[in-house]
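First up is the structure itself, then whatever we jot down about it.
The values are calculated or read from the model by the stated rules, or taken from the named source; none is laboratory data. Because the structure is a prediction, the values reported are computed rather than measured. Glycine gets a Cβ as well: all are built from the backbone with ideal geometry, and neighbour counts include every protein chain shown. Surface areas here come from the heavy atoms of the whole protein model, side chains and all, with no ligands, DNA or RNA. Shrake-Rupley method; radii C 1.70, N 1.55, O 1.52, S 1.80 Å.
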Amino acid sequence: MEDLTSVVDWSRLQFAVTAAYHWLFVPLTLGLGLIVAIMETIYYRTNSVRWLNITKFWMTLFGINFALGVATGIILEFEFGTNWSNYSWFVGDIFGAPLAIEGLFAFFMEATFIAVMFFGWKKVSRRFHLAATWLTAIGATVSALWILVANAWMQYPAGMEFDPDQMRNVMANFWEVIFSPVAINKFFHAVTSGWALGGVFVVGVAGWFLLKRRNVDMALDSIKVGGTVGLVGLLLTMATGHGSAVEVARHQPMKLAAMEGLYEGNCGQSIVAFGILNPAKTVENSEDPFLFEISVPKGLSLLVDWRDPDKFIPGISDLVEGREKTVDGQTLKTVSYQDRIDRGLLAHDALRRYDAAKSAGDTAAMAAAHADLKQNYDSFGFGYFNNPAEAVPPVALTFYSFHIMVIAGGVLLLFLVVALFATMRRRRWMTDCRWMQWAAMLMIPIVYVCSQSGWIVAEVGRQPWIIQDIMPTKAAISAISAGSVQLTFWIFVVVFTALLAAEISIMLKQIKKGSETDYLTPNE
């Protein structure tokens with residue numbers, strides 16, 4: 001049992017590290033792809049040599065980042081087969097479909113047009129090259145769509161049925177998988193956050209040019225395009241983030257409770273603006289969940305449903321114990337986690353009875369077992385738990401990641417507004433104020449912290465589930481030793497760290513080259 005626990009923990013850690021490294025590259029690919037396409041569109045319309053060179057500069061950085069994103073993404077998909085083979089078998093018909101489409105359509109689309117984008121400047125017409133650049137950016141977005149559809153399905157398993165004959169889930173409705181509200185919100189939230197990250201990255205690098213007082217016009221033009229894309233992306237990220245919070249409240253209420261460190265919910269629930277959690281607090285004791293907090297009255301209820309400021313938001317203890325409160329102060333009994341564990345065990349038993357009846361050729365017993373299985377299948381995953389506390393995610397990591405993301409997003413929004421205003425209306429603020437230039441560069445690590453924090457909220461907040469309510473991570477792993485997972489974990493850490501160091505080194509050389517030459521601002 002200890003070895004099983006070790007395999008689960010190391011497999012989760014390996015996948016988390018791989019995904020975290022991959023997510024360093026994906027948002028920048030999405031953001032820079034759009035920005036480069038816009039810059040080339042300006043060049044196409046103006047026929048300006050300066051805009052051509054600006055486009056080529058940012059396109060080079062895009063290409064460096066794109067290559068490493070592909071490398072880490074391929075390894076990430078392989079890990080489903082190597083480390084999570086039970087999961088792959090259990091839902092392969094559903095989960096594999098969007099991944100296959102991503103590989104066959106989006107990846108080939110990107111691979112085809114990115115070659116034209118980088119090597120076709122003097123081999124194809126300006127119009128065809130512009131189309132190839134836009135199609136590369138669109139291809140990256142379409143690629144993200146299918147990956148995010150697959151991820152959203154894990155968090156809200158729609159459009160499926162369990163087939164007891166195959167002992168696995170099968171797709172019942174392809175369109176429900178694609179167009180589930182969770183998938184739609186997740187797609188737009190992730191893509192627009194990539195625009196925000198790409199925009200902040202461009203503004204930060206432009207700040208370096210301004211600090212060195214080289215290629216000033218190029219830097220200011222880059223800030224106008226990058227800052228605008230970043231600001232629009234950040235505003236849309238916030239809007240879709242609200243939509244995501246609504247879907248989390250509907251389908252993953254435990255995640256929402258963990259995001260807020262909320263144990264005892266109320267009608268008209270406040271939202272924590274800033275707080276320090278009490279590390280001694282668990283679902284099994286009566287400790288105060290916070291050492292210190294600043295809250296906004298009724299904020300969480302309004303976030304979930306702006307039409308109902310008195311809406312009841314369940315906390316962790318409410319969900320575990322199965323209780324709900326009304327506006328007039330009554331406490332109602334709902335389905336507790338222990339009830340769901342019992343129902344999950346009934347579903348497991350029904351599946352065993354179905355298999356035994358099938359072997360005996362008893363169709364009546366098969367039908368009865370199948371009916372019991374369908375009745376309790378929505379709690380199937382709870383049958384793997386020994387006690388309700390196992391279904392509670394890491395509260396502290398989820399809570400702090402969520403609030404870091406929100407605070408960092410607010411800082412980025414304020415800075416982008418100021419930077420765009422300064423560039424368009426108060427040029428000297430950007431060209432002469434060193435603190436603005438240093439602030440622009442400081443925003444690059446802040447936007448990456450914001451992006452990674454969002455990923456942690458989405459993935460850690462849904463633990464211990466690999467498929468919400470249907471399959472916990474401990475039931476999804478491969479039959480491999482803990483030692484082999486540890487070995488590959490450290491190999492991946494070394495390789496990914498080397499790749500990241502190589503990317504940073506190459507990018508810094510390209511940026512330095514751009515700041516030391518005048519080829520970006522030639523005489524026209």
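For the subset of the range 77-95 comprising residues that are open to solvent by less than 30 Å² (accessible area, probe 1.4 Å) and either farther than 14 Å from M154 by Cα or of a type in the set (G, A, S) (or both), which member is modelled with the lowest pLDDT?
Looking at the filtered set, the residue picked out is G92.
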Tabulated pairs, the range 421-438, first more than 19 Å from V225 (Cα to Cα), second assigned to a helix (DSSP H, G or I), C-beta under 7 angstrom, 6+ apart or interchain: R434/L211
Residue within the range 298-308 that is within 18 Å of P388 (Cβ to Cβ), in contact (Cβ under 8 Å) with a residue 24 or more places away in the chain and open to solvent by 60 Å² or more (accessible area, probe 1.4 Å) present: no
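Quick check: is even one residue across the range 241-251 β-branched (V, I, T) and within 24 Å of F274 (Cα to Cα)? Walk me through how you get there before you give the answer.
Residues of the range 241-251 β-branched (V, I, T): 246, 248.
Retained after the next criterion (residues that are within 24 Å of F274 (Cα to Cα)): 246, 248.
Yes, the range 241-251 contains a residue that is β-branched (V, I, T) and within 24 Å of F274 (Cα to Cα).
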Subset of the range 19-71 [open to solvent by 10 Å² or more (accessible area, probe 1.4 Å) and charged (D, E, K, R)]: R45, R50, K56
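Kindly establish whether V8 is in contact with a strand residue (DSSP E or B) (Cβ under 7 Å, 6 or more places away or on another chain), touching a residue at least 40 places away in the same chain (Cβ under 8 Å), open to solvent by less than 30 Å² (accessible area, probe 1.4 Å) and under 28 Å from F162 (Cβ atoms). Full working, then the answer.
Working: in contact with a strand residue (DSSP E or B) (Cβ under 7 Å, 6 or more places away or on another chain): no; touching a residue at least 40 places away in the same chain (Cβ under 8 Å): yes; open to solvent by less than 30 Å² (accessible area, probe 1.4 Å): yes; under 28 Å from F162 (Cβ atoms): yes.
Criteria not met by V8.
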Close pairs from the range 370-393: first under 12 Å from D339 (Cα atoms), partner polar (S, T, N, Q) and open to solvent by 30 Å² or more (accessible area, probe 1.4 Å), Cβ under 6 Å, at least 6 apart: P388/Q338
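Can you name the helices (runs of 4 or more DSSP H) wholly within the range 427-524 that have at least 1 residues being hydroxyl-bearing (S, T, Y) and modelled with pLDDT of 90 or more?
Numbers: elements: 427-432, 434-460, 482-516.
In the range 427-524, 434-460 are the helices (runs of 4 or more DSSP H) which contain 1 or more residues that are hydroxyl-bearing (S, T, Y) and modelled with pLDDT of 90 or more.
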Residue list for the range 97-115, filter: surrounded by 16 or more Cβ atoms within 10 Å (Cβ to Cβ) and among the small types (G, A, S): A97, A106
Members of the range 125-148 found to be within 22 Å of Y43 (Cα to Cα) and open to solvent by 50 Å² or more (accessible area, probe 1.4 Å), listed by number: S125, R126, R127, F128, W134, L135, I138
Yes/no for G261 being open to solvent by less than 40 Å² (accessible area, probe 1.4 Å) and either touching a Cys at 6+ places or on another chain (Cβ under 7 Å) or on the phi > 0 side of the Ramachandran plot (or both): yes
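Rundown of residues vs (1) in contact with a Lys or Arg (Cβ under 7 Å, 6 or more places away or on another chain); (2) more than 28 Å from E390 (Cα to Cα), yes/no style:
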{"residue": "F274", "(1), (2)": "no, no"}
{"residue": "A280", "(1), (2)": "no, no"}
{"residue": "S286", "(1), (2)": "no, no"}
{"residue": "P289", "(1), (2)": "yes, no"}
{"residue": "V320", "(1), (2)": "no, no"}
{"residue": "Y337", "(1), (2)": "no, no"}
{"residue": "A356", "(1), (2)": "no, yes"}
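Let me confirm something: among V229, V246, which residue is at pLDDT below 90 and open to solvent by less than 30 Å² (accessible area, probe 1.4 Å)?
Working: V229 fails: at pLDDT below 90.
From the options V229, V246, the qualifying one is V246.
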Residue list for the range 42-86, restricted to those being small (G, A, S) and either within 28 Å of the chain's Cα centre (by Cα) or within 30 Å of A16 (Cβ to Cβ) (or both): G63, A67, G69, A71, G73, G81, S85
Flag if G483 is out of contact with any Cys (no Cβ under 7 Å at 6 or more places or on another chain) and crowded, with 19+ Cβ neighbours inside 10 Å: no
Every residue from the range 279-297 that is more than 21 Å from M254 (Cβ to Cβ) and open to solvent by less than 80 Å² (accessible area, probe 1.4 Å): V296
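Matching residues to (1) open to solvent by 30 Å² or more (accessible area, probe 1.4 Å); (2) not aromatic (F, W, Y):
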residue: A350; (1), (2): no, yes
residue: D355; (1), (2): yes, yes
residue: S359; (1), (2): yes, yes
residue: D362; (1), (2): yes, yes
residue: A368; (1), (2): yes, yes
residue: K374; (1), (2): yes, yes
residue: F382; (1), (2): no, no
residue: F385; (1), (2): no, no
residue: V392; (1), (2): yes, yes
